[in-house]
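The structure under discussion appears below in the form of structure tokens.
The values are calculated or read from the model by the stated rules, or taken from the named source; none is laboratory data. These numbers were taken from a predicted model, which means no experiment stands behind them. Positions of Cβ are generated from backbone atoms using ideal geometry, with glycine treated the same way; all protein chains shown enter the neighbour counts.
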């Protein structure tokens, strides 16, 4: 037996792992990789892939009367019904609002049947879904609409209230009251058959940046399909490594809790359609008792969510009602999978011991770059596995020169999963992409024995319950307060959420400010999850290095300060 002191790149299972990858990606295999042109560059792609998300949708209809989607309000949609309802919604959008191929259509709301049917309707006709963050405030929503210029806004009642009194200049369709009208508008309408190129935009997903203004990452049909293919490959490799063949049984029944405006939520939805899996959707605020009831009522055997979701489920007393063997997999993403969460999971469901794994990626990289099974994590906790098939990774110094194996530097990625670019943002694209479509993740790590190790994610990124928070956006808001001289924002550890936001503010001479006033100031323009939970008010200047940069490691208690003398 290998002990945990043996690094992952020297683990005896590694050779078998790479052999399984070669077997599955070789000529004639289900995940055969070939070289093709992708946006003008030669790179590896899966040979046997759907060519558009509409192809994925149409192929799913073969599952007939199996449930495609089940919702906690009692609504169920089979794969056969999905065909007619999606076609009807598409016909409504086309006839009533003039939506055609290539048009942007904004969707803003909590997870719902309306969201999903609208999403697939847009994809089926070659329109582009603008996936707006349901947590946003009025100003954030208006910015997204101005940036992407959609032809219509499909929005639920709660989010529409935030735009009360705002003239958005486009039709607004209520997703709560209008979805039944749209789904029954033209039940005999056919699915659109206009050609769709796989590199055409499919989804715009927003990602915060160091500028403090949300950017829209353009994910193509190719990108989203490649994500689904990589997920299927991961499962196939695990079965091959375990000596198991395809199960031959029905596809899994999956818990679906990730927000549909996240790449994790949309990607998982597409993968479920590719595999014919049933997804079960809890609606409204996450309630662990209700989710456990759904698990029992609908035979959910695969849980997925952030660490926050999983911890709340494990801590609820009703979890004991679930026969452990019912759950065959628990997957976590969107935030750090901590050793404490893994211990809790394995304590409640011992049969899942050793099954936890991790993936590395971002919205811009199409959600996946690499993947590490449990034994890699045990051997090297900072290991995120080898790059997945079709994905290339390189490590460079600050000047962009490639570094030797084992040296830490910036992680660059190139793959068919990559976003096309940021929507209407040539400056950000020029900064993010290098020649031959290499993308700068901004993250830091090293390659050893073909395995990627993460030294740190983007230096200041805070991940709270699966939500990415960039401190610069909050710091900009704090700087606008007349009584605040300067401010810095950091993440502090939280055993359920992963991290919480902490603001350190320096008050101007002679001024006073309370914790509540700081929080209220932020809440006026920022989504609630970005509002600092912790506020430290001080009179002394923030610690800085000789070049004037705030030393956030010192603020977090990780090092000594080096003040700049004024």
With respect to residue 98, is the statement that it is outside the structural domain of residue 255 (by TED's automatic domain parsing), out of contact with any helix residue (DSSP H, G or I) (no Cβ under 8 Å at 6 or more places or on another chain) and more than 21 Å from residue 263 (Cβ to Cβ) true?
yes
Pick from segment 414-437 the residues that are assigned to a helix (DSSP H, G or I) and out of contact with any strand residue (DSSP E or B) (no Cβ under 7 Å at 6 or more places or on another chain): which of them is farthest from residue 49 (Cα to Cα)?
427
Any residue at all in segment 320-340 that is free of Cβ contacts under 8 Å to residues at least 60 places away in the same chain, part of a helix (DSSP H, G or I) and in contact with a strand residue (DSSP E or B) (Cβ under 8 Å, 6 or more places away or on another chain)?
no
With criteria (1) part of a loop (DSSP other than H, G, I, E, B); (2) in contact (Cβ under 8 Å) with a residue 24 or more places away in the chain, residue 440 comes up short on (1)
Residues 171, 187: which one is surrounded by fewer than 16 Cβ atoms within 10 Å (Cβ to Cβ), over 30 Å from residue 475 (Cα atoms) and modelled with pLDDT under 95?
187
Give segment 162-179 a look and list any residue that's assigned to a helix (DSSP H, G or I) and more than 26 Å from the chain's Cα centre (by Cα), or say none.
177, 178
With respect to residue 411, is the statement that it is under 30 Å from residue 48 (Cα atoms) and touching a strand residue (DSSP E or B) at 6+ places or on another chain (Cβ under 8 Å) true?
yes
So the check is Cβ under 6 Å with 6+ separation or different chains; which pairs have a first residue in segment 38-57 that's in contact (Cβ under 8 Å) with a residue 12 or more places away in the chain and a second one that's in a strand (DSSP E or B) and surrounded by 22 or more Cβ atoms within 10 Å (Cβ to Cβ)?
53/202
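Please count how many residues of segment 137-150 are part of a loop (DSSP other than H, G, I, E, B) and surrounded by fewer than 19 Cβ atoms within 10 Å (Cβ to Cβ).
2
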Have a look at 205, 225, 179 and point out the one that is under 27 Å from residue 84 (Cβ atoms), outside the structural domain of residue 44 (by TED's automatic domain parsing) and at pLDDT 95 or above.
179
From the option list 314, 345, single residue qualifying as surrounded by fewer than 21 Cβ atoms within 10 Å (Cβ to Cβ), in a helix (DSSP H, G or I) and under 23 Å from the mean Cα position of the chain (by Cα) is 314
Would you check if residue 182 is touching a residue at least 12 places away in the same chain (Cβ under 8 Å), in contact with a strand residue (DSSP E or B) (Cβ under 7 Å, 6 or more places away or on another chain), assigned to a helix (DSSP H, G or I) and crowded, with 17+ Cβ neighbours inside 10 Å?
no
